[in-house]
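I have placed the structure first, in the form of structure tokens, so that the comments after it can refer back to it.
The values are calculated or read from the model by the stated rules, or taken from the named source; none is laboratory data. Since the structure is predicted, the reported quantities are computational estimates derived from the model, not experimental observations. So basically every Cβ, Gly included, is an ideal-geometry build from the backbone, and we count neighbours across all protein chains shown.
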Amino acid sequence: MPIIEDDEEKECEQIPGWIFTYGDLVTLLLVFFILLFSFCKLDIEKFKSVAEAFKPLPPGTPFFNEGNPSVLENIAKRMETSEISEEVYITVDERGVVVSFKDSALFRSGSADILPKGLESLNIFVKYLYAMPNEIIIEGHTDDQPISSRQYPSNWELSSARASSVARFLEDSGVKGTRIQVTGYGPYRPRFHNDTPEKRALNRRMDVILKPD
């Protein structure tokens, strides 16, 4: 008696063998891209968690217990009682959390020695760095007005010396030097065009950047 194959068996015989290998390859590629996407998403979430720690709405900080005020809120409250409360501002961008000090909050014109009122502000700020593992970048910035003195022949030297002074203060205050990077940009990374005295004053600044973990 002849054996009658059903339609499903006939269809399976007509499918070429390479299609199964191709299907496995496509599946593996799909899994690979899903993994890549998950890694990228993880990095974004890490950055968001760091940024959230600096928003003035509790909770939302990975470094303090849930329900406590955020880092930014604590700093802001302390800065309200400081003489330089109008000369410090905090933002979050792709580099991390940026704490910017106007140069007048920390230094005299043409000097890299930190003023007493600058030490007050840095003493408030440094207390919050102890609880954070993040690396710190200290950037010195000037305006485009040339400077030429025996100690600082150009804005390069002045911006670097000011950043180094802040770095030395942080290290002397207990922040590990291995966490700190120092950069002097002179007038070449302005926030605004140097076309008015007010904008030049905003460009003269010290940025302390907490890098995302």
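The table for this structure:
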quantity	calculated
Checking Phe101 against (1) at pLDDT below 95; (2) more than 20 Å from the chain's Cα centre (by Cα); (3) not β-branched (Val, Ile, Thr), the condition it does not meet	(2)
Residue among Asn134, Asn123 that alone is modelled with pLDDT under 95, within 17 Å of the chain's Cα centre (by Cα) and among the polar types (S, T, N, Q)	Asn134
Flag for Ile138 being over 19 Å from Gln181 (Cβ atoms), surrounded by 15 or more Cβ atoms within 10 Å (Cβ to Cβ) and among the hydrophobic types (A, V, I, L, M, F, W, C)	no
Which numbered condition Ile147 fails, given (1) loosely packed, with under 14 Cβ neighbours inside 10 Å; (2) modelled with pLDDT under 95	(1)
Matching residues, segment 127-147, being closer than 16 Å to Val98 by Cβ and aliphatic (A, V, I, L, M)	Leu129, Met132, Ile136, Ile137, Ile138
Selection from segment 92-116 of residues that are surrounded by 15 or more Cβ atoms within 10 Å (Cβ to Cβ) and over 19 Å from Arg200 (Cβ atoms)	Val92, Gly96, Val97, Val98, Val99, Ile114, Leu115
Looking only at segment 161-213, and only at residues there that are farther than 19 Å from Thr142 by Cβ, touching an Asp or Glu at 6+ places or on another chain (Cβ under 9 Å) and of a type in the set (Val, Ile, Thr), the one that is surrounded by the most Cβ atoms within 10 Å (Cβ to Cβ)	Ile180
